[in-house]
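Single-structure report; data block below.
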Amino acid sequence: MRKGWKLVAESADNQAFGTDEIGDAILPALEEDCRGEISPEFFGSLRKICGDQETLLFKHDVTPSLEGLRNAAGAGLARAVLNYALQQAARGDSAKDIPESALKDALIDRAARGARQVEEHYCRESTTPRANRVRERIEQAIGSADIGGVARRILDPEAKLETQAPRRKGLDDGVKL
């Protein structure tokens with residue numbers, strides 16, 4: 001597990017952390033996954049293909065242009081983003097919305113995979129009921145996390161990516177009552 005997902009697992013295993021705090025740990029873990037797996041050039045090409053479509057008077061199908069990104073996508077998270085973008089283009093979604101929507105869907109998939117990875121780790125190292133409880137807490141946090149905000153931040157070339165979950169440092173930052 002990557003460092004970000006270890007923090008998610010620790011937060012989900014600790015009953016003192018609420019769903020929103022687990023969600024706060026999930027967002028940097030997803031950003032870390034994106035930074036490690038998807039090149040900025042891929043995102044630049046995806047934004048350019050979809051952005052160029054918006055400036056045209058007569059719209060055309062972006063699917064062939066997106067198919068051209070297969071080699072740049074490689075495997076993993078970038079391939080998932082590309083597959084979602086192709087699905088949305090085939091449905092006729094607006095080209096300007098495709099990059100953010102495709103990345104959001106891919107991040108949701110990655111978050112679900114992360115939850116299953118944490119569950120598998122806890123099954124090996126602990127008990128099955130504990131593993132199920134941790135996975136359920138992570139899934140609840142995924143449902144309430146602002147994954148769309150993460151997608152917008154990742155696609156923004158000027159945005160600074162979050163590297164870790166916010167830490168609590170003072171007495172006022174303690175457990176919520």
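Annotations
- Each Lys or Arg adds one and each Asp or Glu subtracts one; over the other residues with Cβ under 13 Å from the Cβ of GLY44, this totals -2.
- Projected-area average for region 1-99 over all orientations - Cα convex hull basis, square nanometres: 7.5
- Given charges at beta-carbon only (K, R positive; D, E negative), |dipole| of region 42-103 in Debye: 140
- Charge sum, other residues only, whose C-beta stays under 9 Å from ALA80's C-beta, Lys/Arg counted +1 and Asp/Glu -1: 0
- Environment charge at ALA90 (Cβ cut-off 13 Å; Lys +1, Arg +1, Asp -1, Glu -1): -2
All of the numbers you see were taken from the coordinates with simple rules; none came from a lab. In this text, all values refer to a predicted model and were calculated from it rather than measured experimentally. When we count neighbours, we look across all protein chains shown, and the Cβ atoms used for this are built from the backbone with ideal geometry, even at glycine.
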